[in-house]
Amino acid sequence: MTYRLSLSQIRKMINRKLSIAPMMRHTDRHFRYMFRKITEYTVLYTEMITAMALKHGDRERFLLKSDCENPVVCQVGGDDAELLVAAAKWIKAAGYDAINLNVGCPSERVQSGSFGACLMKEPERVRDLLAEVRDRVDIPVTIKHRIGVDELDSYEHMANFVEIVAQSGVTNFSVHARKAWLKGLSPKENRSVPPIRYDDVYRLKADFPELWIEINGEVKTWDQIEAHLERVDAVMIGRAAVDNPMLFIEADSRLMDEGKRLSRAQIVRSWIPYIESELEKGIKLSAMTCHMMNIFKGEKGGKMWRRELSNAHQFQTSMEPIFRAADAVGLEL
Ligand SMILES: Cc1cc2nc3c(=O)[nH]c(=O)nc-3n(C[C@H](O)[C@H](O)[C@H](O)COP(=O)(O)O)c2cc1C
C-alpha cells in the first residue's frame, strides 16, 4: 500500500539521526531491502545515478525499489537544471522520499561531466540548480558534499559554500569531513588520504544552527555515533555498514521510541521470502548474497557462512548456498 505524505511529514522522515551513505556497487535495492529488515529507523540512500542516465537509460530498472525501503533518498549526479528537474519528477513518481545532489564524488568520470565534487567550486551554480528543482518539483531536495576541494579547503570556503547553497532553500547538508583532491588521488584514496576534520563540521552546525547538518566519514562505533550526535544533527555511515552490518542492529532500540532489536536469525529469516521471490523473477542469487557476507562476521561459523554464500556464483537460481550457510552457523531457517 502506498501512502501520500505531506512534504513536511516527509521532511520529518528524512530528518533522522542516522543514515547509510550512498555507495556505488553496494546500496542497490537488494542491499536496501536487507538493511530495512535490520533497522526501520535508519535513512537509506541509493547508489548515485546520473540525471543523464535516468533520461537515456533504463529508467524503470534504475529506479526500482520495494515499498518497505522508505525512508529512502535517491542520489543523483548532474549539473543541468532541466535534467535535474526531470530526474526529480521521476524519482518522486518512483516513491523516493527525497533527491540528494552529489557534490562530493571526485571520480574522473564524474568530473568529465562537470559535476560531483568539482561543483564545490561553483556555489552559485549549485544554489541555482537546487532552487530550480525545489521550485518545480514537490520533493525535498538535499545535498552531500565535502569540506573542501583542491586548494579551496579552508573552513571559510566551506561556510561560504553552504551559506550560498542554503539561499536555494535547501536545509539538509550531509558533509563528508575530508576534502577531495580532484587530480592525483583515486576516488578510493580520496576516502582515506585527506585527513578527517570533524571540527569543521561541528563548527558549521554552530554557525548555521537552522540547517540540518549530517556528519560523514570514518564512523564505525556507537560511541562515535553518540559523540557526534552531541555536536551535529545526524551521522551518515558508509563503509562500516558494509563491513559490519550488525552495527545497525542497535539503531532502532537506541534511536527510536519502542524500537526493537532483532536477532541475526530473525533478520536472515525475514530475507528468505524476498530472496525466493527475486529468484523467481530471474534475479541472480549472488546479487543478494553479496550483501549478506558480513552478517556473521566475527561469530562462530562466520567464515564458513561466507564461504558457502560465495558459492552463489555456481548456484545462481537456487537457495542451496543459503541453506548450507545457515547450517554452518547453526541457524534453522
Ligand atoms: C564503494 C563506495 C562507493 C561510493 N559511492 C558513492 C556514491 O555513489 N555517492 C556518494 O555521494 N558517495 C559515495 N561514496 C562515499 C560514501 O558515501 C562516503 O561519503 C564515504 O565512504 C565516507 O564515509 P565512510 O567513511 O563512513 O565510508 C562511496 C564510498 C564507497 C566506499
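Bear in mind these aren't lab numbers, they're just calculated from the coordinates by the rules spelled out. Fair warning: this is a prediction, and the values are worked out from it, not measured in the lab. Because the Cβ atoms are built from the backbone with ideal geometry, glycine has one as well, and the counts that use them run over all protein chains shown.
Each residue in M293, M246 was given a count of other beta-carbon atoms within 10 angstrom of its own, and listing them fewest first yields M246, M293. For the pair K300 and R324, label points projected 7 Å from Cα toward Cβ lie 2.3 nm apart. The trypsin sites (Lys or Arg not before Pro) found in the stretch 15-121 that occupy coil by DSSP, while having at most 13 further C-beta atoms within 10 Å, are R25. First measure r as the distance between the Cβ atoms of E151 and D207, then evaluate 1/(1 + (r/R0)^6) with R0 = 35 Å and state the FRET efficiency to the nearest 0.05. About 0.95, to the nearest 0.05.
For the pairs K17/K121; K65/K260; K121/K179; K17/K92; K12/K55; K220/K297, note any where the Cα-Cα span goes beyond 19 Å. In this structure, K17/K121; K65/K260; K17/K92; K12/K55 exceed 19 Å between Cα atoms. Taking label positions 7 Å along the Cα-Cβ direction at both T317 and S253, the computed distance is 4.2 nm, reported to one decimal. Between the stretch 22-38 and the stretch 221-246, the C-alpha centres lie 17 angstrom from each other.
Counted residue by residue at 0.36 nm each, then reduced by the alpha carbon distance between them, the extension gain from S192 to E163 reaches 7.7 nm. The Cα atoms of the stretch 7-255 give a gyration tensor whose axes a ≥ b ≥ c have a/c under 1.5, which makes the shape rounded. Backbone phi angles across the stretch 118-127, fed through the Karplus curve with coefficients 6.51, -1.76 and 1.60 (θ = phi - 60°), yield HN-Hα couplings of 5, 5, 4, 7, 10, x, 5, 5, 5, 4 Hz in residue order; Gly and Pro are listed as x.
With both labels modelled 7 Å from their Cα along Cα-to-Cβ, the R261 to I283 distance reads 2.9 nm. Averaging Cα coordinates gives a centre for the stretch 271-311 and one for the stretch 43-95; these two points are 26 Å apart. Between helix 81-93 and the chain there is an angle of about 40 degrees, using the helix long axis and the longest principal axis of the Cα atoms. Summarising the strand pairing of the chain, around 5 percent of its internal DSSP beta bridges are antiparallel. Applying both filters, DSSP loop and at most 11 other Cβ atoms within 10 Å, to the GluC sites (Glu not before Pro) of the stretch 144-177 gives E151.
Packing order of peptides 194-202, 269-277, highest average first: 194-202, 269-277 (average count of other Cβ atoms within 10 Å over each peptide's residues).
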